[in-house]
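First the structure, in the form of structure tokens, and then the observations on it.
Readers should treat all values here as calculations from the given coordinates under stated rules, not as data from a laboratory. This structure is a prediction, so every number in the text was calculated from the model and none was measured. Cβ coordinates were reconstructed from backbone atoms using ideal geometry, including for glycine residues, and neighbour counts include every protein chain displayed.
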Amino acid sequence: MNIRWQKGTEALPAHVSGHIGYGVVPEKRGRGIATRALALMLDEARGLGLAHVELTAEADNVASHRVIERNGGIALGRETEPAAHGGRQIIRWRIVLLAVR
């Protein structure tokens, strides 16, 4: 798990397509590990003062879609990653962390 941000803003650093990245080794998948880990990272993001985070998942990665949805993610749409990030078809998600004042 990792979180990527630019201090004082929700803008993504240029070298990443999402604020939070995660992965689970194949033999540990299907146990809720990613769902729980993402929830913990969202707490960290709140602590950094982020109002929302964006995540991306490959368009055919249904397991990641479920993890993000279980943590309150709303799909923003399908897009093609920049070639430098792989050029894959992805879905961009947003999770709102803090109420807008």
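Ratio of Rg to Rh for the stretch 2-96, alpha carbon only, Kirkwood?
Details: Rg = 12.9 Å, Rh = 13.7 Å.
Value, to two decimals: 0.94.
Within a Cβ distance under 12 Å of LEU76, other residues only, what is the Lys/Arg minus Asp/Glu net charge? Intermediate values should be presented prior to the final figure.
Details: positive: ARG78, ARG92, ARG94; negative: GLU54, GLU79.
Combined, the nearby Lys, Arg, Asp and Glu give +1.
Find the relative contact order for the stretch 2-96 and round it to a whole percent, using C-alpha pairs within less than 8 Å whose residues are 6+ positions apart. Each step should come with its number before you reach the end.
Numbers: 130 pairs, mean separation 25.4, N = 95.
Normalised by residue count, the contact order of the stretch 2-96 is 27 percent.
Could you work out how much longer the chain between GLN6 and HIS85 gets when fully extended? Use 0.36 nm per residue separation minus the Cα distance between them, nm to one decimal.
Details: separation 79, 0.36 × 79 = 28.44 nm, distance 1.87 nm.
Fully extending the segment from GLN6 to HIS85 adds 26.6 nm.
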